[in-house]
Each structure stands twice: as C-alpha cells, then as structure tokens.
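> Please see the structure below; I have some questions.
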Amino acid sequence: MKTIPLLLSACLMSFTMVGCTSLQTTHSSSTTMATTEPVIAYFAPDAGEEACDCGLVMDQGYSLTPVENGYFRKLLGRDKDGRFLVQDFYQNSRKKQSDPFWIKAPQGLNSFDSKYVDGEVVGYFENGKISFKSTSQDQRSVGKTETYYTNGQLGLQEEYSDDQPIVQKVWYEDGKPAAELKLSPSEDYSILDSKVWDQQGNLIQDEQRAQEILDELYQKLNQ
C-alpha cells in the first residue's frame, strides 16, 4: 500500500499576520500583557505562503482591506516571556475561527507553520462547531490531535508519543469507524499497519479501494 499523506491539524489552522509591527506592552505582573490595541490583518480564504524581500515568510493571501469569505487575525497581547497571544476570525460573520493561542516567535505571526505555536490550538467552523484541536511543543505535535466534520462529528484522531509510530483513527461523517492506521514518522509517514472498513462495517481487502476511501475522507476533512 502506498504512503498516505498525513492529515495534520496544523494544515487546517490559519496562521496569519500583517507583517513587521512594533508592539507596545504594559508592565504587569500578570501572565498576559495587553497591547494598546489589537493588530488586524486581512487574508483571502485560500491564503498560502511565499517568500518576501524582507526575509520573512509572507502570506500570499494577505490584503490591506477585508476579503470576502476570508478571515482576519487579532493580536491580543504578549506575556512576560515575549510570546504573542493571537486569535483568528471569519471576515463575513466575524465569528471566531480559533480560540486565543500562543505564538513563540515574531516570524511565526505570519507563518502557517505550527512549529511556532506553543500549546493548544482549537479551531472552529463558521457554524460554531469545533473543526480541530492540536497541541504543539518544542516545534512538534504532542499528545492527540483531532479533526472534525462540519456536523461536529470527530473524523480523524492522531496520537503522538515521542518517536513511536503515530496512531491514526478515521471515522465516517455519521460516526462509524472507517480506518485505523499506524504511521512511521521516521519514514515519511509510511503505513506500518492499516485496517479500513466500508460504511457497512466490512473490512476492505482491496488496497486500491481502501486508498480511495481514505482519500475521500481526508478530502472531506480538509475542506
């Protein structure tokens, strides 16, 4: 069976930022030090990454003005360790796209890379249901990551434990089990073991059909 691309929660996160901004903080003994006002950046719904002349990674969907069906990010503050507290929102409805989460370094403010995230991130669909949960520490995913369908059903769960194989479980949109896999992080996430079921609960023996089912489910979860 060929390698299945690992569907990481980080792929679903919107890590965006306006660029190089000078921040003012208030001196406080509390964990979070608020800025004088949030920094807002606007992005297209299909925002990606590209290099810029300033040596940073800039989002190719960045805009100076609001973009229909896009989103924006607010910079909420910084803490005593210099981390940035940010939160993403949908442009049209202004509903939250994520809970507030921490970014460790300035270059992470305009990067989609989860290696800059410190701690848990929870994302939301525009209907208010959770779209993903993930935790990053020391530039890698730790513990469990979860990705959901728009109806709120858990669709994919990955469990990370040091250099051990990644355990991945997949469900159909109605909650029925679809697959259980073990992936090797040291071998480009190649499949070590797998079981795939159809929606009637039958184990799929044909590798091509199993691949088609997984590809279809991954695509739904990545919408």
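> 7 Å from Cα along Cα→Cβ at both Gln208 and Asp174: what's the point-to-point distance in nm?
Rounded to a tenth, the inter-label distance reads 2.7 nm.
> Based on other C-beta atoms within 10 Å, arrange Thr135, Thr145, Thr65, Thr150 from fewest to most. Show your work: numbers first, answer last.
On the way: Thr135 19, Thr145 25, Thr65 5, Thr150 15.
Arranged by neighbour count, lowest to highest, Thr135, Thr145, Thr65, Thr150 become Thr65, Thr150, Thr135, Thr145.
> If a/c stays under 1.5 just call it rounded; otherwise compare a/b with b/c (prolate if a/b is bigger, oblate if not). Do that for the range 101-223, with a ≥ b ≥ c from the square roots of the Cα gyration tensor eigenvalues. Walk me through the numbers before you get to the answer.
Numbers: a/c = 2.50, a/b = 1.47, b/c = 1.70.
The shape class here is oblate.
> Output the pairs from Lys96/Lys182; Lys115/Lys220; Lys104/Lys176; Lys95/Lys115; Lys74/Lys115; Lys80/Lys169 with a Cα-Cα distance over 30 Å in this structure; if there are none, say none.
Lys96/Lys182; Lys104/Lys176; Lys80/Lys169, as the Cα separations exceed 30 Å there.
> Sketch the reach of a paramagnetic label on Leu76 as a point 7 Å from Cα along Cα-to-Cβ, and name the residues of the range 121-142 whose backbone nitrogen lies under 14 Å away.
121-124
> If you take the beta carbon distance between Ser186 and Lys115 as r and set R0 to 22 Å, what does 1/(1 + (r/R0)^6) give as a FRET efficiency, to the nearest 0.05?
On the way: r = 18 Å, r/R0 = 0.81.
The calculated FRET efficiency here is 0.80.
> For Thr65 paired with Ser161, estimate the spin-label separation in nm (one decimal), with each label point 7 Å from Cα along the Cα-to-Cβ line.
Taking the simple label geometry, Thr65 and Ser161 are separated by 5.4 nm.
> Return the loop-located GluC sites (Glu not before Pro) in the range 146-223 (DSSP other than H, G, I, E, B) with at most 11 other Cβ atoms within 10 Å of their own Cβ; answer none if there are none. Spell out each step's value before the answer.
Details: sites: Glu146, Glu158, Glu159, Glu173, Glu180, Glu187, Glu207, Glu212, Glu216; in loops: Glu173, Glu187.
Filter output for the range 146-223: Glu187.
> Would you mind calculating the gained length between Thr150 and Asp46 on full extension (0.36 nm times residue separation, minus the Cα-Cα distance), in nm to one decimal? Show your work: numbers first, answer last.
Values: separation 104, 0.36 × 104 = 37.44 nm, distance 1.82 nm.
Between Thr150 and Asp46, full extension yields an extra 35.6 nm.
The numbers here are math on the coordinates, done by the rules we state, and not lab data. All values reported here derive from a predicted model rather than from experimental measurement. Heads up, the Cβs are rebuilt from the backbone with ideal geometry, glycines too, and the neighbour counts pull from every protein chain shown.
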